[in-house]
C-alpha cells in the first residue's frame, strides 16, 4: 500500500480505481477498505460490482464503474440489457 500511495502522489492522481483480478471479478471488501483509507482520494471500484454486492461496496467507496453486470448474459462486450439495469437499480434503492 505504501507504494500505491507513492505512485498516487508522483502521478498527481485525482482518484483511484480498485479492481478484482480481472474483468467481472470483485475485489475483496477489506482490500477496498484498505485502499480507500490509504489513498486519501476519491475511490471507485471498477470490476465485479453486482446487485448482490453494490450496496456493501458503495458503503466504502465514492462510486463504481459497472459494465458486464449490466450486459446481456453478463458479458462485457454484449449490448446493455435493460432488464439487468432495472434489477441492478432496484437493488440499489433497497
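Every read-out reported here was derived from the displayed coordinates using simple, explicitly stated rules and does not represent laboratory data. Since the model is a prediction, treat every value here as computed from it, not as a measurement. Positions of Cβ are generated from backbone atoms using ideal geometry, with glycine treated the same way; all protein chains shown enter the neighbour counts.
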| field | Packing-based order for 31-43, 68-80, using average beta carbon neighbours within 10 Å, highest first | value | 31-43, 68-80
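Once every DSSP H run of n ≥ 4 in the chain is given -39500 (n - 2.57) and the sum is divided by its residues, what mean residue ellipticity at 222 nm do you get, rounded to the nearest 500 deg cm²/dmol?
Numbers: 4 runs with 37 residues, N = 94.
Roughly -11000 deg cm²/dmol at 222 nm, from the helical runs in the chain.
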| Can you work out D for the chain in µm² s⁻¹ from Stokes-Einstein, where Rh is the Kirkwood radius over C-alpha pairs, the temperature is 25 °C and the viscosity is 0.890 mPa s? | 176 µm²/s
| task | Compute the FRET efficiency between residue 92 and residue 29 as 1/(1 + (r/R0)^6), taking r as their Cβ-Cβ distance and R0 = 22 Å, and round to the nearest 0.05. | result | 0.85
| Mean separation of Cα pairs under 8 Å and 6+ residues apart, divided by the residue count of the chain: what relative contact order is that in percent? | 22 percent
| note | Longest principal axis of the chain (C-alpha) makes with the long axis of helix 29-39 (C-alpha) an angle, in degrees to the nearest 10, of 40 degrees
| query | Looking only at the stretch 45-63, which residues have a backbone nitrogen under 20 Å from a spot 7 Å from the Cα of residue 21 in the C-beta direction? | reply | 45-50, 53
| remark: Here, residue 77 and residue 12, labelled 7 Å along Cα→Cβ, have an inter-label distance in nm of 3.7 nm
| Overall Cα dimensions of the stretch 41-83 - principal axes, largest extent first, Å | 32, 19, 14
| query | What are the radius of gyration and Dmax of the stretch 1-45, computed over its Cα atoms and given in Å? | reply | 10.5, 29
| query | Against the longest alpha carbon principal axis of the chain, how many degrees, from 0 to 90 and to the nearest 10, is the axis of helix 82-93 turned? | reply | 60 degrees
